[in-house]
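Bear in mind that the values in this text are calculations on the coordinates, not laboratory data. What you see is a predicted model; the values in this text were computed from it and never measured. We place every Cβ from the backbone using ideal geometry, glycine too, and count neighbours over all the protein chains shown.
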Amino acid sequence: MSPKQAAAGSDRRFLFLYALAWAGAAIAYTPFLTILLPVRVDLLAGTDNVQWLAILTFVGAIAASLANILFGWLSDVSGSRRLWVLVGLLSSSVLLGLFPHVDRFGPLVLLILLWQMALNMMLGPLAAWAGDCVPDRQKGRLGGLLAFAPASGALAGSVVTMPGLADPPLRFAMVALLAMSCILPLVLLGQSGKVATQRPRDDAVAPLPWLRAMVTRMWCARLLVQIAEAALFAYLYFWFQTIDGRFDDSLTARILTLVLFLAAPCALIAGRWADRHDRPIFPLCIAAILAALGLAAMAMARGPAAAVTGFLVFGLSSNVFLALHSAQTLRVLPYDGRRGRNLGLFNLTNTVPSLIMPSLTLVLVPNLGFSGLFLVLAFLSIIAAVLLRHADRC
């Protein structure tokens, strides 16, 4: 086997190990935040459940933002990603198992803070690990593989909550075990995990001023699309109810799961196309435009079929955008030995929308209805496409 063939095989092996680990990361938090924690809060708080959950979510988002930057930077300074990922995985899994044993609000807030710190001790270095090892010519494929993570998280939530499978305390342990089974193969068998200060082989180096401009454009574009994504994630059920009362929580969950599973192969196809044609940003522009069209269709929808169709267009395109964007962000960040910290700053585009979205919704929905909200979100998606329109080539 030639060195080039061996390198290609190593690349593919790492890609699939990393995609499995990233799916495990989604499993580590998606079932907990969307199902297990709300159920636990509802059991403990009674009529104060909404207030408890809002405070826990707000505090958790702030802790996640700061911890992601901190541990990404610490993995940069230490020169290794592997140990941080392993310690974060083990500590977050142990902390997850403590939640069924906490029955007061104060300790629950403290446990959320500790769990978010441990989780992001794993997530920050894990995100940077791909940038150390995956060459630019495979960033599109990487983005496509990352799109399977949200679907994996949703599927894990469905599995652990199957009636009769496990009692509530055991569900937390099942989530931790599923996450560990996906992440440990990368920790044990993946490439060295050493911090890279040079680009992977065969990657061309873009001019530094172009990179700096693209970092700003990519950050702003993701923030705008994430605001729309966060609003739909939080208020989709309520909007469906205004269209047709037959949209219950079960039907809404099935539609969401369908979108996540359909988005994964779409992102993989788009990412492979971007790699073959060396046009990494073009699929992002198209996805942002399609997301805007989906939101516009939702704003005009008056029946169930039109509502579901509009959401399918938005959900597919926005999830493709976010998956490919995560991978292509690694292309534009400089190889300055601080990738973990830089990705932590990029991660603010995932957490800040959770702080912006409630105020935006409270201002628009009472005055303009959901149609007005969706049109504003469509405009934000168009701006995201415009921000990226001049960056079709690296």
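Only one residue of Leu236, Ser359, Thr252 has its Cα farthest out toward the positive end of the dipole of region 208-388, where Lys and Arg carry +1 and Asp and Glu -1 on Cβ, and that residue is Ser359.
Roughly how many Å is it from the Cα centre of region 328-376 to that of region 105-126, as a whole number? If you average the Cα positions of each part, the centres end up 21 Å apart. Summarising the label geometry, the points placed 7 Å from Cα in the beta-carbon direction at Ala54 and Thr257 lie 3.0 nm from one another. Listed from fewest to most Cβ neighbours within 10 Å, the set Val352, Val225 follows the order Val352, Val225.
Residues of region 287-317 falling in the label zone of Thr242, defined by backbone nitrogen less than 13 Å from a point 7 Å along Cα to beta-carbon, are 298-303.
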